[in-house]
Amino acid sequence: MKVKVLSRNPDTYLRETKKDIHKIPRNYDPNLHPFEAPREYVRALNSIKLERVFAKPFIGNLDGHQDGISCLAKQPHALSNIASGDYSGEIRVWDLPLRKCKWRIQAHNGFVRGLSFCSDNSRFISVGQDKTIKIWSADDYYFKAPDEPLSVFLSKTLINGISHHRKETKFATCGDACQLWEESRTEPLKIMEWGVDSLQHVAFNPVETYLLVCCASDRSIILYDTREVGPIRKIINKMRTNQISWNPMEAYIFSGANEDYNAYSYDIRNLKMPVNIHMDHVSAVTSIDYAPTGREFVTGSYDKTIRIFESSKGHSREIYHTKRMQHVTNVCWSLDNKYIISTSDEMNIRLWKARASEKLGVLRPREKAAFEYANSLKEKFAHHPQIKRIARHRQIPRHIYHHKQQIRASKQKISRKEANKRKHSKPGSVPFVPERKKVVIKEDV
Amino acid sequence: MGRTKKKQLISEDAENLNDYSDDDDSNKIHDQLIENIKYFHGKPKISPATRYECAAEVSEFNFRSKKKTDYNTKLTFHEEELLRAIRKRQPKVAQKLQVVKNAKTLPKTLESVYERKIQRKIGYRNIKTDLKKWKNVIQTNRVADQITFPLKTNKIEIYNHVDNDLFSTFSNPTPLEKELAKVLNSSNVAKQDKKKKERNKFHYMLNEMIQKRQMLAKLKAQASYKIAKAHRQNKIKSKKYHRILRNEKTKQQIKDFEKLKETDPEAALKQLESLEKVRAQERATLRHRNTGKWARNQIIKAKYNKEVLNSTTYRIYNLNRIALSEQLSKNRELTQKLHIDEDSAAEESVDINVRIKTKSNENDLNNHWLDGNNEYAHFVTNYKKFWEEKREKECFSDISHKTVVNNKNEESPKSNLKDEVLPQDLLLLNQEKMVKSKKKSVINTAKKYEDDKIEKNNKNIKAADKKKKKKEKRKTINQSEILSEYLNTNDVDFAKPEKQKLINNLATELPDTVLADDNEAVDDDEYICPASVMNMVFTDDDMIEEFKKEKNEIVEHSKAQLVDKTLPGWGSWTGASIQKNNNSEKPKRSKINKRLLYKIPKVPPRKDSNKGHVIINEDKNNKFKEHLVNDVPFPFSQVKDYEASIRAPVGRTWLPEIVHQQFIVSPVVTKLGTVIEPIENGELLKRNEN
């Protein structure tokens, strides 16, 4: 009798070693896998829904300040520490992984106007209402007991802000004039003036480190070259710019948080008009910070919300808010592109995820692949109305909802009126002026 | 008061003069006098401050005014004298002095406001030019498919030897170590090593050079082989060889086309069209007058037929010869412009027929798509058939059926000849497919027809002649009218109207070459212009009826149906596969059924109920609508492109793993817990290196 037995070559299904990849026989015949697009559409729909389900951006809260927080600083080369100063003049240094206050000191009389870490993370400098500049050590052993500052400079005039050079031991302050200081000298190296009484905020360019930008109370933004010339260009906007942040990946782009509810991105090679207008806030934008990738930035506003914008897009991709968060005074994007830190009037520092539904921690390869696939599907079907709707859907506070409607109505009114004017006047006499060209009123040489 | 004072002063002076007449005092007195005199002209101006000691501060108030005082004039006088003396004694110094004297004063400096403005302008310009270096880097980073942070830049770090940690780990060699090193270095082995290294340096270069040369030589040789091969192939005279080559080529092309058909049917159709266009253009050149297959066949047939002179074959032979000569003459004519007269219309119509016929029959040797390649031609026609069939299937099928029925009814009493010819004309209504399928029968009928005509010289002959004429002119006549004519062939004399039609058509007619590539159509007269087919379709009245019928169906279908809600009663089986048995107990059940029938409430009339020419689809599913994209999103400009992008899957269900991985790369990659530093100048350098 002949017995027939099924026999297979083990090479086709056995791995040579344990670490080898599993052999998965697949048949890619399209007839066996029909309805590619509809199936992928359903997957995209599911993943976008899950994204909204898992969107829980709030991580934690650092409380301890006795007064509203006025300034915030992150370390330029490290992730774990941040420093914050409040309206009562207290400075606190926080350990982010532990979410604890490491160190605190009553640093100034009156409120702390500005804080900035030095280029090597070892010190930080604070400026206060009392016209003093104080340099503090940021070493861990030093934090164990409160101590005196390393050095104190007295300034002749009030100082509103500070920004440290990225590579050297220089820093710039702004107040009546923009002053350039060296850490070892008690007098400013350079005083750069251009006819303004008060400068609000100063920011060193992180890439081309000789460039400096200030925003002033006369609605102007002034560009400085710290090497020789001093001030080089000034633009005057419709309304005041509150804070400025440089794009860390694009040397000539900076964005400003403006009082007129918008953020504006400028290209310093062409300051006649902003490169982009980022609207969505319903009150003055008070603070702004770029993500270290330069692709996005975060803004905090007087309307008690934080928004995340893609730097090339006009509208925000995300809005964060909590019931208890008041006017946002400062925002900052952590240097690993994962977290956002915000401070607000009601004495709290809040930690957020930069991407609301992202899973924190280490991802296993299959998890990672699944997320990547989901993301690519979301991108692929992004223009489908249902997916767009779900992706855009946010629960927002009532006051913001109403404000938004008001703003929309007023904008419509203006555009309607302009259209009417155009309709009833000689053709060409009422030209169409794009929104971007209305922002900068004057460019001073 | 003032005057009296002055007078007093003068008088005093005069006294003083008298008092002190000494030489020493005279100067003093003189000066005082002068000073006093000054008071005549009002108060003296503030005298320039004289400097006695050098001061650290140089104030602008300490400079003198430029006005020449007496003192200065005196000085210049002295100066002049001095200069004169110098000129005489020291000419070189004098020259230098002259230069100094001639030097012009610098212009006044700008006011600081304007000066700063200029500085700012220049500063801004410099920065602008400086920042231009970033432009390319930033652009490439912006559009990169994937970018990994932190950026891997070539950091330029200059190590300071003095305080560098890198070297701090090395301690100074001990004296023993130094000694050892000295000995080792002086050894033969070490020396040889050194030499080798030096030699290797050049050797490597040499090797590289040799490799490069070899590569070049290889490339050159390969190129020359190819050239030689092509040369050889071109020189081969064997027709068979070339035929095989050509066949291979066409086969390959067909294969490619098949592939294309599967992947992108629209593109395939387009290619087909383009091929046809090429062919039509080629045809239009009229280069192949008597070299075509048909022409050659004619010649051969004529030759053989001459030898066997039958009554019938002789006629054919004549036909062959006439056709050929006509074609040749037509060629000449066609190269000139057409002049249409009503008188010559009939003749021309014949000519044109011939022309078209020849065209359809000719075979072009130069066109590799067509020459004797039946396989390809078959394929092309079949494919085209398939497409057109699909498109017009619905409207055609019924019409043709009807006409067939009509024709049969009308012509049943007619002769055999009519019956045989009939299907040919019916073909006009159908697609090319039908033409092809019935081609052979058509050929037969044509032959039979010829025979019959000779046999029957009586009554039928007249009709047959007309029939033939009509056949010849078919291409130029509107087909729909042929149909109508055909239905009453017996009694109506249609010679005249045909002529008129011909005249009308000639003006607009173009040689249609769409079908000409099928080689089977060599012998028969079947040639259908698709444009005319379309014409016929839309002039047909049956379309309207068809539409009405369709609409009625839809309306019927959409009407509310009665729903039977009866449940199986006692003793009746029920289940999934069991059908209701209505036959038994029919009268009994009917009563109950009426009660249990669910009557659907009256629905409002259909939207298209009073619109005869429209069907409005009322059961459209709006649930789909909310999932559909309204506009073509930004990067896409055409709906087709966007659809294609959506259709292409990215999942691993449909794609191999590697492709899938490539499709799902995330645009920004960051590393957990790593600080992303701002972009560095090294990034610029990296680009430059690349």
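Considering every residue in A:292-300, what mean count of other chain Cβ atoms within 10 Å of its Cβ is obtained?
The per-residue average across the peptide is 4.
Rank A:Asp345, A:Asp86, A:Asp289, B:Asp193 by accessible area, highest first, at a 1.4 Å probe radius?
Details: A:Asp345 50, A:Asp86 0, A:Asp289 25, B:Asp193 85 Å².
Highest to lowest solvent-accessible surface, that is B:Asp193, A:Asp345, A:Asp289, A:Asp86.
Using 1/(1 + (r/R0)^6) with R0 = 56 angstrom and r between the beta carbons of B:Lys240 and B:Gln146, what's the FRET efficiency to the nearest 0.05? E(calc), rounded to 0.05, equals 0.50.
Cβ neighbours within 10 Å, averaged per peptide: list A:152-159, B:143-150 in order, most packed at the top. Each step should come with its number before you reach the end.
Values: A:152-159: 16.1, B:143-150: 13.2.
The peptides rank, most packed first, as A:152-159, B:143-150.
Angle of helix A:398-423 to the longest C-alpha principal axis of chain A, folded into 0 to 90 degrees and rounded to 10: 80°. Ordered by solvent-accessible area of protein heavy atoms (1.4 Å probe), largest first, the residues B:Leu97, A:Leu212, B:Leu216, A:Leu335 come out as B:Leu216, B:Leu97, A:Leu335, A:Leu212. For the segment B:625-632, counting C-beta atoms of other chains within 10 Å of every residue's C-beta and taking the mean gives 3.
Checking the Cα-Cα distances for B:Lys255/B:Lys301; A:Lys144/A:Lys190; A:Lys378/B:Lys255; A:Lys388/A:Lys411; A:Lys426/B:Lys117 against a 31 Å cut-off, the pairs over it are B:Lys255/B:Lys301; A:Lys144/A:Lys190; A:Lys378/B:Lys255; A:Lys426/B:Lys117.
In segment A:306-353, the residues whose accessible area drops by at least 30 square angstrom when the other protein chains are added to the isolated chain are A:Leu335, A:Asp336, A:Lys338; the probe is 1.4 Å and only protein heavy atoms count.
Between B:Val183 and B:His627, the distance separating the two model label sites (each 7 Å from Cα on the Cα→Cβ line) works out to 8.8 nm.
In percent, what relative contact order does chain A have, based on Cα pairs under 8 Å that are 6 or more apart in sequence?
On the way: 1014 pairs, mean separation 57.2, N = 445.
Value for chain A: 13 percent.
Within 10 Å, count the other beta carbons around each residue, average over each peptide in A:120-126, B:241-247, and list them highest first.
My ranking of the peptides, most packed first, is A:120-126, B:241-247.
Heavy-atom accessible area buried between chains B and A is around 5000 Å² (1.4 Å probe, both sides summed). The contact residues of segment A:164-184, meaning those that lose at least 20 Å² of 1.4 Å-probe accessible area when all protein chains sit together rather than their chain alone, are A:Arg166, A:Lys167. Going from the isolated chain to the complete set of protein chains, segment B:663-677 loses at least 40 Å² of heavy-atom accessible area (1.4 Å probe) at B:Ile664, B:Thr670, B:Leu672, B:Val675, B:Ile676, B:Glu677.
Counting only alpha carbon atoms, the long axis of helix A:365-380 and the longest principal axis of chain A meet at about 80°.
For the ranges B:112-121, A:384-393, what's the packing order if you count other beta-carbon atoms within 10 Å of each residue, average per peptide, and put the highest first? Each step should come with its number before you reach the end.
Values: B:112-121: 13.3, A:384-393: 15.0.
Highest to lowest by the protection proxy: A:384-393, B:112-121.
Looking at segment A:58-355, the accessible area is 34 square angstrom per residue; that uses a 1.4 Å probe and ignores ligands, DNA and RNA.
Nonpolar atom fraction for chain A, defined as the carbon and sulfur part of the 1.4 Å probe accessible area, stands at 53 percent. For peptide A:245-254, the mean count of partner chain Cβ atoms within 10 Å of a residue's Cβ comes to 5.
The values are calculated or read from the model by the stated rules, or taken from the named source; none is laboratory data. From a predicted model like this one, the values you see are computed outputs, not experimental measurements. Cβ coordinates were reconstructed from backbone atoms using ideal geometry, including for glycine residues, and neighbour counts include every protein chain displayed. When the accessible area is computed, the model is the full protein with side chains, heavy atoms only, and any ligands, DNA or RNA have been set aside. Shrake-Rupley method; radii C 1.70, N 1.55, O 1.52, S 1.80 Å.
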